[in-house]
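The values are calculated or read from the model by the stated rules, or taken from the named source; none is laboratory data. Predicted model only: the values in this text are computed from it and were never measured. Using ideal geometry, Cβ is built from the backbone for each residue, glycine included, and neighbour counts are taken over all protein chains shown.
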Amino acid sequence: MQVGTSLSHRAPLLWLALPFAGGIAIAHATASPVPIPAVAAGCLVLLAVAGLLLRTRQRRSSLVAVAVAIAGLGMIHHETHRARLPDWDRLPQREAELIVEVKRIFNTRVLERPLSVIGMIRSADPHLSDLIGQSLYVQAWRYHDPTAVERGATIRIRGHLTPLPRAARGDGFNAYLIDAGINFRLTRGRLLEVVNGGSGYAVWRQRIKTVAMRQLARDLEAHPDLVGALQAMLLGDRTGLDEEDKSVFLRSGTMHLFAISGLHIGVIAVALHGALRLMRLPPGQTFVISTLLLAVYVDLVGGTPSAVRAWLMVTCVHASVALRAPGNAVAAIGGSMLLVLLLDPLQLFSAGFQMSYGIVFALLLYGLPLGEHLQSRIRPWRDLPETTLTGRQKFARRRLEGLIMAGALGWAAMMVGLISGVAIFGWFTPIAFVANLALMPMASLAILGGLIAMISGGLGLIPLALLGNHAAALVLLIVNALLGHAVAWPIASTAASFRHPAWGEFGLVAMLAIITIGYVQGWPSRPRSWWWPPIALVLVLVTGMRLG
């Protein structure tokens, strides 16, 4: 049987990233600190043993030793990055006054609500000096101070400081903070003053974002729901997103359209690359300029982990093309995964990381090979010579091949999405397969229209900005209408949860492991193996999910 091109890839960085991620997960799950000197010594011994085994041609044993050593390095990296203060684990809540640099903002536009940010402690009283450099979550009221707080600003706050436990328990907000690497939480706080509004670049960035938001609202003032959806989709600002729309997108399994992630970065990257190539720039210059512009956009929308991950994915893929390396999406995505974990190992435990890489690897390792396999089996006029086919027959074949591949990719993404939807959002959404298959192209058009509106409006090309804005709004109006009718079906979506919080993670890992094994062994050589991932999906849902 003919092997598709998607099965001929080599991805050495992926096999480095997987044991590294395993070591990070082990360190995160342990209730006590990792003994760094002992683990480091063990890693050195294992690498030495691997070298000896390799000299005696025991290749598999050598690879196992290397994998265990890399897992140990992952444990060390997690422990050093987490930077726990063990003495604080035994201390009770206390009042503290701190100076904090804002790293991420959850709410600043609604002054009637407390300020919610993630920041880093830059200064503290002498008896709290060991807190300097620690990350914390802040929830503070802005009494008598309507000043907007922007990312990069330095603020003075007072409130109740609580150390968070080492390991996450349950699925509450504290578990989210712990998985994000936050060691402290300051609540019942009060914003005393904005010490520093941020650098000149931060001020410029906020000014640009304000202009972009204004362009997305141009001539749509009578439709605040569409304006909120556009601003959420293009700039990651969900404060204006209508609650009813949130419910519809959540229940249909398409809420990811409003998180700046792979779809958004991919569409904008293709648009930038195409525009620069039309300007006759060489491939190397196109890569550098488009990568820098994308980096500015990622920073503009808040530098969220999902946006940074998507930027790294796109950059790795474009770098392989620019360097004229053999086209290999698996290796490029594996490389981006390793980079993400090196920069921030705790992203491994975020829902966005798990969904992003879970879906991408399901597409590359299962969806593409399945699509190629089905295309080879369902091929009209296979017995006729190519030179005898009419133009209409060739056109029909290409369209059928496209539909088959789209269906295979949608099926692979849905398998990950069903488990993630229950585990993360609390909804079982069998409609997600059809919804995403139909709406992804439409969402891409909306993103492209919004991008044209922002750039054109900023340059003063108002007619073009209005065209892009109204086109994007029209697409979103159609999307809302379609989803509104779809979620009204009784079988479209239902509230659900897993009986044990860890069951969803276990099921996702198990299914991805089966997919990886099938890919390594070569799917077409074992036709029945195509059924193992959906069987695993059914078992996970039937044995662990409860509806309602």
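Taking the stated definitions as given, is residue 510 over 14 Å from residue 219 (Cβ atoms) and buried (at least 22 other Cβ atoms within 10 Å of the Cβ)? Taking the combined requirement at face value, the residue does not satisfy it.
Does residue 448 fit the bill of being crowded, with 17+ Cβ neighbours inside 10 Å, over 30 Å from residue 212 (Cβ atoms) and among the hydrophobic types (A, V, I, L, M, F, W, C)? No: the conditions fail for residue 448. Out of 243, 221, I need the residue that is of a type in the set (D, E, K, R) and closer than 28 Å to residue 415 by Cα. Which one? Every option except 243 fails the conditions.
Do we find a residue being among the basic types (Lys, Arg), under 27 Å from residue 459 (Cα atoms) and out of contact with any His (no Cβ under 6 Å at 6 or more places or on another chain) anywhere in segment 247-263?
Of all residues in segment 247-263, those among the basic types (Lys, Arg) come to 251.
Imposing the further condition that a residue be under 27 Å from residue 459 (Cα atoms) reduces the set to none.
Looking through segment 247-263, none of the residues is among the basic types (Lys, Arg), under 27 Å from residue 459 (Cα atoms) and out of contact with any His (no Cβ under 6 Å at 6 or more places or on another chain).
Among the residues of segment 161-182, is there at least one that is within 18 Å of residue 113 (Cβ to Cβ) and modelled with pLDDT of 85 or more?
No: segment 161-182 contains no residue that is within 18 Å of residue 113 (Cβ to Cβ) and modelled with pLDDT of 85 or more.
Scoring residue 495 on the criteria (1) more than 30 Å from residue 212 (Cα to Cα); (2) assigned to a helix (DSSP H, G or I); (3) aliphatic (A, V, I, L, M) leaves a single failure, condition (2).
To keep it simple, each residue is scored yes or no on (1) at pLDDT 90 or above; (2) in a helix (DSSP H, G or I); (3) in contact with a helix residue (DSSP H, G or I) (Cβ under 9 Å, 6 or more places away or on another chain); (4) assigned by TED's automatic domain parsing to the domain that holds residue 130.
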position	(1), (2), (3), (4)
40	yes, yes, yes, no
47	no, yes, yes, no
52	no, yes, yes, no
64	no, yes, yes, no
72	yes, yes, yes, no
76	yes, yes, yes, no
100	yes, no, no, yes
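Report yes if residue 115 is within 18 Å of residue 158 (Cα to Cα), surrounded by 14 or more Cβ atoms within 10 Å (Cβ to Cβ), touching a strand residue (DSSP E or B) at 6+ places or on another chain (Cβ under 7 Å) and modelled with pLDDT of 90 or more, otherwise no. So residue 115 fails the test. Taking (1) under 20 Å from the mean Cα position of the chain (by Cα); (2) surrounded by 21 or more Cβ atoms within 10 Å (Cβ to Cβ) in turn, residue 338 satisfies each apart from (2). When segment 51-101 is filtered for residues that are buried (at least 18 other Cβ atoms within 10 Å of the Cβ) and of a type in the set (D, E, K, R), the ones remaining, listed by number, are 79, 82, 101.
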